[in-house]
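The values are calculated or read from the model by the stated rules, or taken from the named source; none is laboratory data. No experiment lies behind these values; they were computed from the predicted model shown. Cβ atoms come from the backbone with ideal geometry, glycine included; neighbour counts cover every protein chain shown. With ligands, DNA and RNA removed, areas are computed over all heavy atoms of the protein, side chains included. Shrake-Rupley method; radii C 1.70, N 1.55, O 1.52, S 1.80 Å.
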Amino acid sequence: HILFCGSCGRMRICGNKKCDTPSSISPTCKLSRKKIQINLHCGHCNLAVPVDGWVRSVRAQKANVFLHVNDGSSLQSLQVVASSELSDPLLTFGSAVEVTGILKKSPHQKQPVELDANFIVFCFIFFFLRTFPLKSKSDMALSIFANFLISGDNGFVEINTPIITSNDCEGAGELFQVEPSGPDYADGENFFSVPAYLTVSGQLHLEVVSGAFSKVYTFGPTFRAENSQSRRHLAEFYMVEAEISFTQSLEDLTKVMEDMFRFATEHVLAHCVEDVDLFHKHVTPGQKLKEYLVSFLRITYREAIDILRRSSERFAFPTDWGCDLKTEHEKYLVKHCGNIPVFVTDYPYDLKPFYARDNQDHPERTAAAVDLLVPGVGELCGGSLREERLNLLSARAGLEDVYSWYLDLRRFGSVPHGGFGLGFERYLQCILGVDNIKDVVPFPRFSHSCLL
């Protein structure tokens, strides 16, 4: 039977030959819907349930047709057993369907339950886009970091820092400028009376609030107008950033960075086993995420340069003192240290932004800054103690004009503090072993590409 439901108006295939009126179908539209993941593990059978999802496979036999339906909530699909009378040419791979039936215990060991179908609704035919990038389960992963920062003794307060800002936090000039459009605005007119940009970091705003709450964090989008096509750069990405007052040393930061990485990764291993196994089987065979949960190593920038210079590896970029560490250097250092996360500390002062604290260790003159390097990616986190001494901060050229408010934070009282930022997409790259950062977000933004 092909019928049209009087309640929802959608086309239905019915296996009951006595069911010849729309009114006999419509009550099924009111059944409570649950995700396939919940149905697979509910532990209750002989329940009438509707299931929405996409057909992943169809296997027709003489008396029955077997479907595997998935709604994205689980890697495992729900097997649907339907009478051959429900079979239809529209019932094919990629079809979006609503199946109503009785949830029963499955006779097969590989699946706890199966659905004995009574009705099948065709929502539409979906042609699978094989080039569409993988969609990460970002909402859950974002909450993992938040749970760590706000729980127990950590006690961080979440701050929603602005996306539109007048500050260039990193000082590199890689900014997207925000300008109004339309007939009411002249070309070059500043809507905010000052030049405004999409944020590259929420750090400076967190520093302001850390004067009232000693531990604060933010989790939001950041933007970099970096003309890069590399496998680890995006123009739009998410960062979790934290700022901590009353810090005594870099160890105060590295402890939080290491504990947060370990907490999030252990949570993923405990609650997302199927997802991790899928990637480690098909994307990075042999990767063992548990090996990343050992105590992180710590080396100085000077030690890193010595390791690189003693290496027999031929690098494309120089490895002299004062040179910035490139991706090839970072990956080599991780490999040299046993393919586990490594902290690199005390970079040359001139390599770091204006807010990094001066170690005053002449003649080398380094900054109290740290990067966390991880396998397969390189830099994952970057942080530093902040320069709280007004006389040293004022010595930086140009700050008085652009960052006078930032100097005022020191001028009218400050405390030793520091913070860091972790790139969320790079974290996904690291734990899943994905080579290209563009493959861990559904709509990657990078130079010369802004689809949709």
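Residues checked against (1) open to solvent by 60 Å² or more (accessible area, probe 1.4 Å); (2) modelled with pLDDT of 80 or more; (3) within 22 Å of F213 (Cα to Cα):
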{"residue": "D153", "(1), (2), (3)": "yes, no, yes"}
{"residue": "I159", "(1), (2), (3)": "no, yes, yes"}
{"residue": "I164", "(1), (2), (3)": "yes, yes, no"}
{"residue": "E174", "(1), (2), (3)": "yes, yes, no"}
{"residue": "A186", "(1), (2), (3)": "yes, no, no"}
{"residue": "E189", "(1), (2), (3)": "yes, no, no"}
{"residue": "F192", "(1), (2), (3)": "yes, yes, no"}
Practice prompt. Look through D346, D350, D408 and report the one residue that is outside any helix (DSSP H, G or I) and either surrounded by fewer than 23 Cβ atoms within 10 Å (Cβ to Cβ) or in the same structural domain as E226 (by the TED database) (or both).
Written response: D346
Discussion item. When you check G338 against the structure, is it assigned to a loop (DSSP other than H, G, I, E, B), over 30 Å from S143 (Cβ atoms) and under 26 Å from the mean Cα position of the chain (by Cα), yes or no?
Written reply: yes
Worksheet item: Do the conditions hold for P112, that is, is it at pLDDT below 85 and within 16 Å of K35 (Cβ to Cβ)?
Response: yes
Worksheet item: Which of the residues belonging to region 411-435 are part of a loop (DSSP other than H, G, I, E, B) and open to solvent by 30 Å² or more (accessible area, probe 1.4 Å)?
Response: F412, G413, S414, V415, P416, D435
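Every residue, every condition in (1) free of Cβ contacts under 8 Å to residues at least 12 places away in the same chain; (2) over 16 Å from the mean Cα position of the chain (by Cα), yes or no:
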| position | (1), (2) |
| --- | --- |
| A369 | no, yes |
| L380 | no, no |
| R386 | no, yes |
| G398 | yes, yes |
| G423 | no, no |
| I431 | no, no |
| P442 | no, no |
Item to complete: Scan region 236-257 for residues that are under 19 Å from the mean Cα position of the chain (by Cα) and either surrounded by fewer than 21 Cβ atoms within 10 Å (Cβ to Cβ) or of a type in the set (F, W, Y) (or both) and report the count.
Response: 3
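Conditions (1) surrounded by fewer than 22 Cβ atoms within 10 Å (Cβ to Cβ); (2) in the same structural domain as N154 (by the TED database); (3) of a type in the set (F, W, Y), marked per residue:
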residue	(1), (2), (3)
P195	yes, yes, no
Q203	no, yes, no
G211	yes, yes, no
F261	no, yes, yes
C272	yes, yes, no
L278	yes, yes, no
Worksheet item: Would you call V370 of a type in the set (V, I, T), open to solvent by less than 60 Å² (accessible area, probe 1.4 Å) and in a loop (DSSP other than H, G, I, E, B)?
Response: no
Discussion item. Take the conditions open to solvent by 20 Å² or more (accessible area, probe 1.4 Å), out of contact with any Gly (no Cβ under 9 Å at 6 or more places or on another chain) and among the hydrophobic types (A, V, I, L, M, F, W, C) and apply them to F296. Does it pass?
Written reply: yes
Worksheet item: Based on what the data block shows, is G286 in contact with a strand residue (DSSP E or B) (Cβ under 8 Å, 6 or more places away or on another chain), in a loop (DSSP other than H, G, I, E, B) and not acidic (D, E)?
Response: no
Discussion item. Going by what's in this entry, would V377 be described as buried (at least 18 other Cβ atoms within 10 Å of the Cβ) and at pLDDT 95 or above?
Written reply: no
Response to the item:
Pairing a residue in region 235-246 that is on the phi > 0 side of the Ramachandran plot with any residue that is open to solvent by less than 20 Å² (accessible area, probe 1.4 Å), where Cβ atoms lie under 8 Å and the two sit 6 or more apart in sequence or on different chains, gives F246/H417
Worksheet item: If you take the residues of region 393-405 that are open to solvent by 50 Å² or more (accessible area, probe 1.4 Å) and in a helix (DSSP H, G or I), which of them is nearest to A368 (Cα to Cα)?
Response: S394
Worksheet entry | Qualifying position, being among the charged types (D, E, K, R) and touching a strand residue (DSSP E or B) at 6+ places or on another chain (Cβ under 9 Å), among D277, D324 | D324
